[in-house]
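Asker: I have a structure here, written as structure tokens, and I will follow up with some questions on it.
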Amino acid sequence: MTAEELGEALLAARGSVLEEPQRSRLGRAVARAAVEVERTMTEPRYLVRRDEVRTLVPLHPALADYAARLGDRADELAREEPCRCSAPLSGQRPGGLAGE
């Protein structure tokens, strides 16, 4: 997951009473602090991989490589053709679930 996603996951799991943008900023700061503490461990559970585009926090180096390749391919596909998912699904109204 990216460092930003890790901050969002922490906020989703633990919550926050703050409003945006301070909420997200502090969520990322907590994620960053957790990663830094983990790096001091004898056997860290995860690592940090930075490149020119993103910062990833994977559990294993191979997962970082896979996530980076997957993200690059998704970016390529997004540039090739516009998303066709803007129309509501059959039987579903915009902004709600079917049958609401």
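A short reminder: the numbers here are calculations on the coordinates, not readings from a lab. Because the structure is predicted, anything quoted here is derived from the model rather than measured. FYI the Cβ positions are ideal-geometry reconstructions off the backbone, even for glycines, and counts take in every protein chain you see.
Asker: Quote the Stokes-Einstein diffusion coefficient, in whole µm² s⁻¹, for the stretch 3-78, based on the Kirkwood radius over alpha carbon pairs, a temperature of 10 °C and a viscosity of 1.306 mPa s. Could the numbers behind the result be given before it?
Answerer: Numbers: Rh = 13.6 Å.
It diffuses with D of about 116 µm²/s by this estimate.
Asker: While we're here: Please give me the summed charge of the neighbours of Ser16: other residues whose Cβ is under 14 Å from its Cβ, Lys and Arg +1, Asp and Glu -1. Present the calculation step by step, with values, prior to reporting the outcome.
Answerer: Values: positive: Arg14, Arg23, Arg25, Arg28; negative: Glu8, Glu19, Glu20.
Summing Lys/Arg as +1 and Asp/Glu as -1 gives +1.
Asker: Go through 50-59, 37-46, 4-13 and give me the packing order, highest mean Cβ count within 10 Å leading. Could the numbers behind the result be given before it?
Answerer: On the way: 50-59: 13.9, 37-46: 9.9, 4-13: 15.4.
With the highest mean Cβ count within 10 Å placed first, the list reads 4-13, 50-59, 37-46.
Asker: Please turn the phi angles of the stretch 14-28 into ³J(HN,Hα) values with the Karplus equation 6.51 cos²θ - 1.76 cosθ + 1.60 (θ = phi - 60°), one per residue in order, whole Hz, x for glycine and proline.
Answerer: 10, x, 6, 9, 7, 8, 5, x, 5, 4, 5, 4, 6, x, 5
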